[in-house]
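Presented below is the structure to which this report refers.
The values are calculated or read from the model by the stated rules, or taken from the named source; none is laboratory data. What you are looking at is a predicted structure, and each value in this text was computed from that prediction instead of being measured. As a convention, Cβ positions derive from the backbone with ideal geometry for all residues, glycine included, and neighbour counts pool all protein chains shown.
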Amino acid sequence: MDGDRDFRFSPRPNRAASIEWRPWTETAFSEARRLGRPVLLSLSAVWCHWCHVMDETSYSDPRIIAAINDHFVAVRVDSDRHPDVNRRYNQGGWPTTAFLAANGDLITGATYLPPDQMLESLARVKAFFDANRIALLALDTTRQTHAADSVAALSQSGGVPLGHDPLPDDFEGDPDVPGDVPAEIALQVVRAFDQEYGGLGTEPKFPQPDVMAFMLAYALLRGGGDPGRVAPGSSALLRPARIHEVVRSTLERMASGGLRDHVGGGFFRYATRRDWSVPHWEKLLADNASLVFLYLDAAIAAAGRPLGDPALYTAAAGQAVDYMLASLWQADTAGFGGSQDADELYYRHDAAGRTQLAEPFVDPTIYVDGNALAARALLRAAPILERSELGDRAIGLLSHLLAKARGSEPMPHYLLPDGSVADGAPLLADQVGMAAALLDAYEVTGSRHWLSGAQAIAGWAREHLKAPDGRLYDRLAEPGASPGLLARPLPALEENALAADVLLRLEAYTGTARYREQALEILSAWAPHYERYGVAGAVYGQTLLRYLDRPDHIVVVGGRDNDAAQRLHARALTAPRPLRTVQWLDPADPADSRRLHETGLAEAVGLTAAAGADDTLLPAGFVCGHERCARLDL
């Protein structure tokens, strides 16, 4: 993590650099043991407004600087660059201020601490540490955990319980996934829906695109064409018409309110008020890419359904794409920067007023998971918005990212601004995010190069990150090199759900049954755990929809250079079929020809081993599901 010696403080005047910060390394914790000091962990983010405020106030206070340098080992971690550290230590937001023992166990923590409270917390933690020095410096985990429990009340702000999900040695997972889980999750979302202003809950209000994407898929897959239909055994609250209202109201409010930047395009991270009128001003790449995906899917689904105005949705998506390309794209490193800083003064101006001000800082770091998601958004947008250049940009971006993977090694988490690959343990989020993007590229191009890449990445993740119960750990363990809680790999629901989704898509493209079996292993292992995530379990629910409801697999048969096949393929990519997969098989390609024979479609299009395809029957489209394929006129 040597690249983190650039600690990226607030862009405004501050003295935070006067603190003797160390990067997150075993060396820092060894120093804490040698000096007999507690560790002060600052979890920050380059886009985070209150992180900047803390740099400018608390961490610029001479009393606090002296107290930290004299009595603590200070460690600063960028949450974007090290989401694995953030997952284990975040105390409920950014900044996180955590106090740790020398082995990394949490003593206590809080989020933003103004100067007086920070000074008081430093004194109280030091006093407690001095009184319990022997126990806290011991390497006995049980004694340290007990000590941590006893000091939890030190800070009035307290610490949110850590989201650990330990894996019992004897746990084997459920043999089957309960079929009503998607309905249970959908019901939670409906009950949390804000009838007056859209979205979920009150304030602050986040867009939660994964939740809305799940609700959209649920309504279309479970509701059929009847807006009043209720699936057998489901609550009356889950009528498609009701779910359509949840999605429509939320998307319309976000697109027309303050969450959307109506001058520069794109979406802010969240709204501070229930009615979406006042945003929190930072913009994140991952948020915008996810919302592009959501608005495009809603635009397609809106045809003939009460889901709102497709033109509003495509306009919002198109402006977000334009924002990503204009403001986040880093030409020197051929990728998207991770975020743009919050700057209320800048964003409160109209277009003319903004031209007089410098644009807020853009983080030039190229995060693999965020860029993979951005590439997926561009690939989705190209046929829907009829902008082929977006697909070209996405393919170039994925090629660039793949080239940065070192040989047969897994994907790194990020590229530094100079284009070099950052050190660090491989993370599951980057592997499954990239695999999903490569499958999207395969759908769009038909080139098996992308399919093979996705298979390789998925295989690596299963081989190296599989936990005893079948779930996947969030990072690769590094024995002896992972200080603190990083020595305890954890599974994360969202990343596991995406991994299972990738495996189910691989089964659709290849017909290989083991991919479905591997997906089931992940899904069933999560069955005892998903409920504690609440509506955030929607991403798990969506993958279960793919597993249980077997969405359409659309197959286009025809030559890559055939104009009619290209038009048919373009229509397949924009078909209003939720969670569909698309495959373009060229009979002239040997591997595609084999797949056509395996599916039985070869006979349907007049393909024989000796004569090839009958041009009079091509191109052709088919919808396959439940081991049957039907001819489709797209």
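For every residue, the table says whether it meets (1) over 16 Å from the mean Cα position of the chain (by Cα); (2) surrounded by 18 or more Cβ atoms within 10 Å (Cβ to Cβ).
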{"position": "ILE366", "(1), (2)": "no, yes"}
{"position": "GLY370", "(1), (2)": "no, yes"}
{"position": "ALA374", "(1), (2)": "no, yes"}
{"position": "PRO383", "(1), (2)": "yes, yes"}
{"position": "ARG393", "(1), (2)": "yes, yes"}
{"position": "LEU397", "(1), (2)": "yes, yes"}
{"position": "GLY419", "(1), (2)": "yes, no"}
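This table checks each residue for (1) closer than 26 Å to ALA487 by Cβ; (2) within 23 Å of the chain's Cα centre (by Cα).
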residue	(1), (2)
PRO13	no, no
ARG34	yes, no
VAL46	no, yes
MET54	no, no
ILE64	no, no
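Taking GLY92 and the conditions (1) among the small types (Gly, Ala, Ser); (2) within 26 Å of the chain's Cα centre (by Cα); (3) assigned to a helix (DSSP H, G or I), which numbered condition does it fall short on, given that it satisfies the others?
(3)
For segment 475-495, how many residues are small (Gly, Ala, Ser), over 22 Å from the mean Cα position of the chain (by Cα) and under 28 Å from ALA519 (Cα atoms)? Break it down into steps so the answer makes sense when it comes.
To start, the set of residues in segment 475-495 that are small (Gly, Ala, Ser) comprises 477, 480-482, 484, 487, 492.
From what is left, the residues that are over 22 Å from the mean Cα position of the chain (by Cα) are 480-482, 484, 487.
Imposing the further condition that a residue be under 28 Å from ALA519 (Cα atoms) reduces the set to 487.
Matching residues across segment 475-495 total 1.
Please verify whether segment 256-278 includes one or more residues that are assigned to a helix (DSSP H, G or I), surrounded by fewer than 23 Cβ atoms within 10 Å (Cβ to Cβ) and among the polar types (S, T, N, Q).
Among the residues of segment 256-278, at least one is assigned to a helix (DSSP H, G or I), surrounded by fewer than 23 Cβ atoms within 10 Å (Cβ to Cβ) and among the polar types (S, T, N, Q), which makes the answer yes.
How many of the residues in segment 450-489 are without any contact (Cβ under 8 Å) to a residue 60 or more places away in the chain, among the charged types (D, E, K, R) and in contact with a helix residue (DSSP H, G or I) (Cβ under 7 Å, 6 or more places away or on another chain)?
Total meeting the criteria: 1.
Kindly establish whether GLY511 is among the small types (Gly, Ala, Ser), crowded, with 18+ Cβ neighbours inside 10 Å, in contact with an Asp or Glu (Cβ under 7 Å, 6 or more places away or on another chain) and in contact (Cβ under 8 Å) with a residue 24 or more places away in the chain.
Values: among the small types (Gly, Ala, Ser): yes; crowded, with 18+ Cβ neighbours inside 10 Å: no; in contact with an Asp or Glu (Cβ under 7 Å, 6 or more places away or on another chain): yes; in contact (Cβ under 8 Å) with a residue 24 or more places away in the chain: yes.
Judged against the criteria, GLY511 is not a match.
Is it true that GLU507 is at pLDDT below 95 and part of a helix (DSSP H, G or I)? It would help to see each step written out before you state the result.
Details: at pLDDT below 95: no; part of a helix (DSSP H, G or I): yes.
No.
Kindly provide the set of residues from segment 315-364 that are under 20 Å from HIS400 (Cα atoms), more than 19 Å from the chain's Cα centre (by Cα) and either surrounded by 19 or more Cβ atoms within 10 Å (Cβ to Cβ) or in contact (Cβ under 8 Å) with a residue 24 or more places away in the chain (or both), ordered by number.
LEU325, ALA326, SER327, GLN330, ASP332, THR333, ALA334
Select the helices (runs of 4 or more DSSP H) contained entirely in segment 318-405, then report the ones holding at least 1 residues which are within 16 Å of GLY264 (Cβ to Cβ) and touching a Phe, Trp or Tyr at 6+ places or on another chain (Cβ under 8 Å).
Details: elements: 344-347, 351-354, 368-385, 388-404.
Correct list: 344-347, 351-354.
If you go through segment 202-216 one residue at a time, do you hit one that is free of Cβ contacts under 8 Å to residues at least 60 places away in the same chain, part of a loop (DSSP other than H, G, I, E, B) and touching a Lys or Arg at 6+ places or on another chain (Cβ under 9 Å)?
no
Among the residues in segment 278-285, are any without any contact (Cβ under 8 Å) to a residue 60 or more places away in the chain and under 26 Å from PRO576 (Cβ atoms)?
No: segment 278-285 contains no residue that is without any contact (Cβ under 8 Å) to a residue 60 or more places away in the chain and under 26 Å from PRO576 (Cβ atoms).
Every residue, every condition in (1) at pLDDT 95 or above; (2) among the aromatic types (Phe, Trp, Tyr); (3) within 26 Å of PRO426 (Cα to Cα), yes or no:
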| residue | (1), (2), (3) |
| --- | --- |
| VAL73 | yes, no, no |
| ASP84 | yes, no, yes |
| ALA98 | yes, no, yes |
| ALA102 | no, no, yes |
| ALA110 | yes, no, no |
| PRO115 | yes, no, no |
| MET118 | yes, no, no |
| ALA127 | yes, no, no |
| ALA131 | no, no, no |
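If I filter segment 576-623 down to residues being at pLDDT below 95 and assigned to a strand (DSSP E or B), which single residue comes out as surrounded by the fewest Cβ atoms within 10 Å (Cβ to Cβ)?
THR608
Which residues, taken from segment 20-58, are β-branched (Val, Ile, Thr) and either over 17 Å from TYR89 (Cα atoms) or part of a strand (DSSP E or B) (or both)? Break it down into steps so the answer makes sense when it comes.
Taking segment 20-58 first, the residues β-branched (Val, Ile, Thr) are 25, 27, 39, 46, 53, 57.
Of everything in segment 20-58, those that are β-branched (Val, Ile, Thr) and either over 17 Å from TYR89 (Cα atoms) or part of a strand (DSSP E or B) (or both) turn out to be THR27, VAL39, VAL46, VAL53, THR57.
Considering only residues that are of a type in the set (Val, Ile, Thr) and at pLDDT below 95, look in segment 328-387 and name the one that is farthest from ALA454 (Cα to Cα). Explain how you work it out, then say what you get.
Here is the first cut: in segment 328-387, the residues of a type in the set (Val, Ile, Thr) are 333, 355, 362, 365-366, 368, 384.
Going one step further and asking which of them are at pLDDT below 95, we end up with 333, 355.
Numbers: THR333: 23, THR355: 43 Å.
Here the residue is THR355.
Checking ARG532 against (1) among the charged types (D, E, K, R); (2) surrounded by fewer than 18 Cβ atoms within 10 Å (Cβ to Cβ); (3) closer than 26 Å to LEU438 by Cα, which test does it fail?
Here ARG532 meets the rest and fails (3).
Would you say GLN188 is polar (S, T, N, Q), modelled with pLDDT of 90 or more, in the same structural domain as ALA102 (by TED's automatic domain parsing) and in a helix (DSSP H, G or I)?
On the way: polar (S, T, N, Q): yes; modelled with pLDDT of 90 or more: yes; in the same structural domain as ALA102 (by TED's automatic domain parsing): no; in a helix (DSSP H, G or I): yes.
Criteria not met by GLN188.
So that you can scan it fast, the table gives a plain yes or no per residue for (1) under 16 Å from THR202 (Cβ atoms); (2) out of contact with any Cys (no Cβ under 7 Å at 6 or more places or on another chain); (3) of a type outside the set (A, V, I, L, M):
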{"residue": "VAL247", "(1), (2), (3)": "no, yes, no"}
{"residue": "SER256", "(1), (2), (3)": "no, yes, yes"}
{"residue": "ARG260", "(1), (2), (3)": "no, yes, yes"}
{"residue": "PHE268", "(1), (2), (3)": "no, yes, yes"}
{"residue": "TRP276", "(1), (2), (3)": "yes, yes, yes"}
{"residue": "VAL292", "(1), (2), (3)": "no, yes, no"}
{"residue": "ALA299", "(1), (2), (3)": "no, yes, no"}
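Within the bounds of segment 424-443, is there any residue that is more than 15 Å from ALA394 (Cα to Cα), in contact with an Asp or Glu (Cβ under 8 Å, 6 or more places away or on another chain), surrounded by fewer than 24 Cβ atoms within 10 Å (Cβ to Cβ) and without any contact (Cβ under 8 Å) to a residue 60 or more places away in the chain? Walk me through it before giving the result.
Residues of segment 424-443 that are more than 15 Å from ALA394 (Cα to Cα), as a first pass: 424-432.
Next, only the ones that are in contact with an Asp or Glu (Cβ under 8 Å, 6 or more places away or on another chain) stay: 425-430, 432.
Retained after the next criterion (residues that are surrounded by fewer than 24 Cβ atoms within 10 Å (Cβ to Cβ)): 425-426.
The next check asks that each one be without any contact (Cβ under 8 Å) to a residue 60 or more places away in the chain; those that pass are 426.
So far as segment 424-443 goes, yes, one or more of its residues are more than 15 Å from ALA394 (Cα to Cα), in contact with an Asp or Glu (Cβ under 8 Å, 6 or more places away or on another chain), surrounded by fewer than 24 Cβ atoms within 10 Å (Cβ to Cβ) and without any contact (Cβ under 8 Å) to a residue 60 or more places away in the chain.
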